[in-house]
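Q: After the structure tokens below, expect a handful of questions from me.
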Amino acid sequence: MKLHEYQAKQVFADAGLPVPDSKLAASVDEVVEAAENVGYPVAIKAQVQVGGRGKAGGIELVDDEEEAREAADRILGMDLKGLHVDRVLVEAAVDFVNELYVGVTMDRNEGKPVAMVSTKGGVDIESVAEETPEAISRVHVDPSFGMHPFQARKAVYDAGVERDVAMDVASVLTTLYQLWDDKDSTDIEVNPVMITSDREVVCADAVMNIDDDALFRHADLQEMEEEGDSSQDDLEAKADEYGFDYVRLSGNTGIIGNGAGLVMTTLDLVDYYGGEPANFLDIGGGAKASRVANALDMVFSDENVDSVVFNIFGGITRGDEVAKGINEALESFEEIPKPVVVRLAGTNAEEGMEILNTDLVTVEKTLEDAVQRAVEYADTEADK
Amino acid sequence: MKLHEYQAKQVFADAGLPVPDSKLAASVDEVVEAAENVGYPVAIKAQVQVGGRGKAGGIELVDDEEEAREAADRILGMDLKGLHVDRVLVEAAVDFVNELYVGVTMDRNEGKPVAMVSTKGGVDIESVAEETPEAISRVHVDPSFGMHPFQARKAVYDAGVERDVAMDVASVLTTLYQLWDDKDSTDIEVNPVMITSDREVVCADAVMNIDDDALFRHADLQEMEEEGDSSQDDLEAKADEYGFDYVRLSGNTGIIGNGAGLVMTTLDLVDYYGGEPANFLDIGGGAKASRVANALDMVFSDENVDSVVFNIFGGITRGDEVAKGINEALESFEEIPKPVVVRLAGTNAEEGMEILNTDLVTVEKTLEDAVQRAVEYADTEADK
Amino acid sequence: MSILVDDDTRVVVQGITGGEGKFHTQQMVDYGTNVVAGAVPGKGGQDVDGIPVYDTVSQAVEEEEADASVVFVPPAFAADAMFEALDTDLDLVVAITEGVPQQDMARVYKRLSETDTHLVGPNCPGLITPGEAKLGILPGNIFSSGNVGLVSRSGTLTYQVVDSLTQRGIGQTTAVGIGGDPIIGTDFIGALDLFEQDPDTDAVVMCGEIGGEDEEEAAAFIGEQMDTPVAGFIAGRTAPPGKRMGHAGAIVSGSGTGTAESKISALQDAGVPVGDTPEEVADNVEDLL
Amino acid sequence: MSILVDDDTRVVVQGITGGEGKFHTQQMVDYGTNVVAGAVPGKGGQDVDGIPVYDTVSQAVEEEEADASVVFVPPAFAADAMFEALDTDLDLVVAITEGVPQQDMARVYKRLSETDTHLVGPNCPGLITPGEAKLGILPGNIFSSGNVGLVSRSGTLTYQVVDSLTQRGIGQTTAVGIGGDPIIGTDFIGALDLFEQDPDTDAVVMCGEIGGEDEEEAAAFIGEQMDTPVAGFIAGRTAPPGKRMGHAGAIVSGSGTGTAESKISALQDAGVPVGDTPEEVADNVEDLL
């Protein structure tokens, strides 16, 4: 789960981090009211979850009401990298002389959180990491101890943060680590942390991702998730509702399978045999008939899809349940929307084959054959 | 710092531990009022910090007002192992069928906290530890991780706590550990944890000691310390005020020195040469003249003292400061109350010797001589 | 021979009284696994199909001399179950549970480094030594005893590859599903090292996927320290950068490492043939033997 | 020869700009100790009497190749300072600070077990190799170079015993004040082991006190693993049970161990003569040499 900037800022403010005054607004009038409350100049920032909002025109700095109206009118309702902007954050502009990067993430190779500080803030940190890795100081934290105060200082001093603000930046990092830890965050970062001309330290942006597997212990964040979902794509919203791991892609061969590795392999084979995957959809382990039916419903909802390959290797997932689900879903149609190729193997695959209504689907015995057949169908359908 | 029972019970209640209803009372009328509030039967418990209050008559169970008045009248104002009882806790009596022991302390040999549970609660746990050590289950906790839930369960199941109350007892232990950790406790224990006939778990007693070195980060506990000091002995109160490590003993040779090991050695030598130490008083490292004067004042305040040996080996403590302090203290008397023997060595000992007013004290060059002389003086004085 | 588990392995099942725990215990027993105890707080003294249940893992270990555990405990309690297992002197802990919070696992991982125990998982199908024992949820019937070791980050992909092997008459010493989570116990190198030391393993199949740098590190290990030949497979060649696909691990960061290309070329540089399809992997194994 | 410190030891002082830190740094330098750096957050770039100050210990270690640190940091920050020191690859950390909270030390102690660093203290006078270097607050002038090692839980008691030795012309290889707190780094056994390995130490004086079981354990170590003779002293024979005397350590629990009797008889059983007075200890050392 990725928090919106306005949500993350709220979490930050509650933790005592220095964030600029701000207000959420959903209309031009609300923007003007918020701007007056906060005090000009303000930044008007589109609340959609994509990187590079600024470059894409989703952030504007305005000095007065006229400019605010103009900017609000332009940003509200705009399409930002495929997402609809329906809310903006109106935030007091910060008069800064310096921009830093401060963040905490999980280093999966070390199995430990890592805190990072760089004086090259305000720009894409991935580019900094690639071009001048030495410009980012990194401190690994032992999760059994948590971050020691000296580690925050070390990260800050090693990054070369100026001494007069170093302890304040270390304090921001300490709090960020605490939030990362308390909120089961996977990544938390502020880019930029601004140093003002008065040598104040301000968190001007706020990125906070939460471990979905840990959401069960954070009622407050669950609420935020529900409230923040407005700008999600329809199919993704549906996948969330059904509880699928789903990614929409640009091709026309729909793919359903069990287990991330096997589904990815199916995608790879579609590509290998000259097709183009329309999606990644993992129904997970031990799926019952209804879940299988939901998966078919999802894939058929994608208008790009010209054929579907259903690849199940049963472990805890049982072939008979899968077959039942396929029958259920397809029998509800007067006409099958798109051709479906099924390959069942593993637990209860034979039982599944006996149940499966082979009038409605094409059955293949091997994964390779099933994928080739689906690609073939997709080509034929696309030519129609 | 040792919390009074009523203070520890408050801390427990705030942490959500199950404690009986109770009220503090300082007069017979208050006891009766409290008992009515809490509901009979109640236990009336003297709030003094000694072990074995019950056996010494400091706890009484009463069923009605008449009994309550009688008990309150007897207990309030009584002398309990040398301490004056001026407050009692009036607490709802618990109808129990079983008594357990649950505690957390620091195992200094392991450098780790250890949680302990025993089904032999309600009696002196030290005796249990000596006679049937297997009746106490012990689980060491890694302080970097804190106590894992499984460790609380393990301690409880290994102790043989009945299964129907085991998880509740484990939960008490988990909370006790959390308090131990949060409050910088050195020892926390409940003896007994009572199991009622309804299979409820109740913390019937509460012992909680706090690390004096960590009090600086616990404003709430500092307040309790000030409020709870009423039943302290006069000399100990004075020592607290001066910030000395002081223990009053039963002999007549007063002892002042710097450093616990050296002071203990001085005590041992007094004993070795046939005398009896009147006290342990460590002025600590780097003491200034005024602190030295205070130490002399303390020892003279003890009417058992017949002579004083002042033994300083200077490291950070400077002999000249010590000499100044001794002069200051003794010059304020018209007549020196008791003979004082001084031995100065180490840093600035020679300078000290030059300053020291040898009309007022006896100087010895070695520790052994100084102690022997002080014992001799004490004997002479005692014979007077 | 085999790695990690065999006929003699004495298994305690943590969470044996739960739905999954009960079902898969039965499956494991049916396969021939020596399940000697269960451990569920508060359920001590009961039994599940004749298997005695204890309140704590340490009691189960003491009373039944268990040397391995399988964890079927809900995600919220899985880390505690792993800590409990690691607190005894078990040789092996297999955590099946999916959805263990990442920070819980980071703490478990630290604890693991203080012990000599092998942890497999979490979020893994477990491991199997065909004909001897399986610890986990793998479908036993597709495996056959033989001389090829298998290590994989993905469950069902493992089955796919094993199926291809078995159908060609190539059996397995041991197959280990190490799990696809960002933080796991035994990783590729850990499993490869064990296979290298196993005299009966003549070749190893390693199934990786995009995300992280484990496959790259494993490639270096294979190149420098293994004599046993390895055949590779990498899932996720077509995954677009920045998209998360199922496994928390299966995310491509967009930088140099972690991509399928990076992993495949690292393996190829280490002399590992990487198949384009599961069938091609089986072909490569045939060639290596 | 000596243990832990000598002429080559390169010292960083944590808290060098504080009152105590500054004063004792001067004393250490005057004694001939090679103090190469100070470390104080926010004071990097300054110097104290020509000694360069860094913001972090790691910078001091990198820039000045320090291999030991002395901690003069107030109690509230002392544990963090120790963690910082333990995070570099120093050979030795000496924590002088008195009054470090017990729970802080328990955490430091855990961290210490993960490193190869020797920690001496906290709440200790430090250590000295006469004529070469002193790290801490011991009065240098009472020590003299020689062939007797000394380890003690108490500061001033150490001085007392050393004074007796020096006045008889018995010099010291190294004297270590390990501190009297309940949880300390190097304990008696740690120091005794180092003395046993030091070819120039011909005898060792061990000054213990009541409380804990360190002396009993040390006695067992001496009996089983030491060839170098040891002379002992135990303070607190007359301490009444249950009373706390100064050091957090100096408390007698009343049970079997921890009492002066228990410690003295354990040492005597290991062949260690235990003196009744400091002078008798010096007599015993003379006999042992």
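Q: With the contact rule set at Cα under 8 Å and sequence spacing of 6 or more, what percent relative contact order holds for the range B:234-379?
A: 25
Q: On C-alpha positions alone, give me the angle between the axis of helix D:155-167 and the longest principal axis of chain D, in degrees, nearest 10.
A: Once rounded, one gets 70 degrees.
Q: Please compute the length gained on full extension between residue B:288 and residue B:130, using 0.36 nm multiplied by the number of residues separating them and subtracting their Cα-Cα distance.
A: Contour length minus Cα-Cα distance gives 52.4 nm.
Q: What trypsin sites (Lys or Arg not before Pro) in the range A:51-155 are in a loop by DSSP, with at most 13 other Cβ atoms within 10 Å of the Cβ?
A: Passing sites in the range A:51-155 are A:55, A:81.
Q: So, one more: For the range B:280-350, which chymotrypsin sites (Phe, Trp or Tyr not before Pro) are in a loop by DSSP, counting at most 14 other Cβ atoms within 10 Å?
A: Qualifying residues, ordered by number: B:333.
Q: Another question, if that's okay. Please give the calculated 222 nm ellipticity per residue for chain D, where each DSSP H segment of at least 4 residues contributes -39500 (n - 2.57) and the sum is spread over every residue; nearest 500 deg cm²/dmol?
A: Calculated from helices alone, the mean residue ellipticity at 222 nm is -10500 deg cm²/dmol.
Q: Per-residue Cβ counts within 10 Å, from other chains only, averaged over B:114-123: what number is that?
A: 0
Q: Further, regarding this structure: Just the number, please: percent antiparallel of the DSSP beta bridges in the protein assembly as shown, rounded to the nearest 5.
A: 55
Q: Let me ask something additional. Mind checking D:92-105 for the average number of partner chain beta-carbons within 10 Å of each residue's beta-carbon?
A: Per-residue shielding by partner chains comes out at 4.
Q: When DSSP assigns beta bridges and you keep just the ones with both residues in the range C:139-289, what percent turn out antiparallel, to the nearest 5?
A: 5
Q: Excluding residue C:98 itself, what net charge comes from residues whose Cβ is under 9 Å from its Cβ, given Lys and Arg +1 and Asp and Glu -1?
A: Net of charged neighbours comes to -2.
Q: Counting GluC sites (Glu not before Pro) as exposed when in a DSSP loop with at most 15 other beta carbons within 10 Å, what is the longest stretch of chain A free of them?
A: That would be A:1-109.
Q: Right, here's the next one. Summing Lys, Arg as +1 and Asp, Glu as -1, what charge do residues with Cβ under 11 Å from the Cβ of residue B:192 carry, residue B:192 excluded?
A: With Lys, Arg at +1 and Asp, Glu at -1, the net is -2.
Q: Take every DSSP beta bridge with both residues inside the range C:1-123 and express the antiparallel ones as a percent of the total, to the nearest 5.
A: 10
Q: Something else: In peptide C:150-157, how many Cβ atoms from other protein chains are near each Cβ within 10 Å, on average?
A: 6
Q: Right, next: Rounded to whole Å and sorted largest first, what semi-axes of the equivalent ellipsoid does the C-alpha gyration tensor of the range C:139-289 yield via the square root of 5 times each eigenvalue?
A: 23, 16, 14
Q: How about the range C:33-90: which GluC sites (Glu not before Pro) there are in a DSSP loop, with at most 15 other Cβ atoms within 10 Å of their Cβ?
A: C:65
Q: Please report, to two decimal places, log10 I(q)/I(0) for the protein assembly as shown at q = 0.04, 0.06, 0.09 Å⁻¹ as given by the Debye formula with identical point scatterers on the Cα atoms and no solvent.
A: -0.31, -0.68, -1.29
Q: I've got another one for you. Hey, can you list the DSSP H helices of chain B whose Cα span along the axis is 30 Å or longer and whose average Kyte-Doolittle score is at least -1.0?
A: Once both thresholds are applied, nothing remains.
Q: The range C:1-123: percent of C-alpha pairs farther apart than 17 Å?
A: Tail of P(r) above 17 Å: 51 percent of Cα pairs.
Q: Only Cα pairs under 8 Å and at least 6 apart count here; give the relative contact order of the range A:106-253 as a rounded whole percent.
A: Rounded, it is 16 percent for the range A:106-253.
Q: With an 8 Å Cα cut-off and a minimum separation of 6 or more residues, compute the relative contact order for the range A:1-107 in percent.
A: 33
Q: Which value in deg cm²/dmol, rounded to the nearest 500, describes the helix-derived mean residue ellipticity at 222 nm for chain B, given -39,500 (n - 2.57) per DSSP H run of n ≥ 4 and division by the residue count?
A: When only DSSP H runs of four or more count, the value is -12000 deg cm²/dmol.
Q: To the nearest 10 degrees, how steep is helix D:102-112 against the longest Cα principal axis of chain D, on a 0 to 90 scale?
A: 80
Q: Continuing with the same structure: Find, among the residues of chain B, the one whose Cβ sits nearest the axis of the rotation taking B to A; state the distance in whole Å.
A: B:144, 2
Q: A further question follows. Any idea what diffusion coefficient chain D gets from Stokes-Einstein, in µm²/s, Kirkwood Rh on alpha carbon pairs, 4 °C, 1.567 mPa s?
A: Answer, rounded: 69 µm²/s.
Q: For the Cα atoms of chain C, what angle does the longest principal axis make with the long axis of helix C:188-197, in degrees from 0 to 90, nearest 10?
A: Long axis of C:188-197 versus the principal axis of chain C: about 90 degrees.
Q: On a C-alpha basis, how far is the centre of the range A:155-231 from the centre of the range B:73-114 in Å? Whole number, if you could?
A: So the two Cα centres are separated by 46 Å.
Q: Among D:117, A:301, B:280, whose Cα projects farthest towards the positive end of the dipole of the protein assembly as shown, with charges put on the beta-carbon of Lys, Arg (+1) and Asp, Glu (-1)?
A: D:117
Q: Given the alpha-carbon gyration tensor of the range A:14-86, what are the semi-axes of its equivalent ellipsoid in whole angstrom, ordered largest first, with each equal to the square root of 5 times an eigenvalue?
A: Value: 19, 17, 11 Å, ordered largest first.
Read the figures in this text as sums done on the coordinates, not as results from a lab. Because the structure is predicted, anything quoted here is derived from the model rather than measured. Cβ: placed from backbone, ideal geometry, glycine included. Neighbour counts: every protein chain shown.
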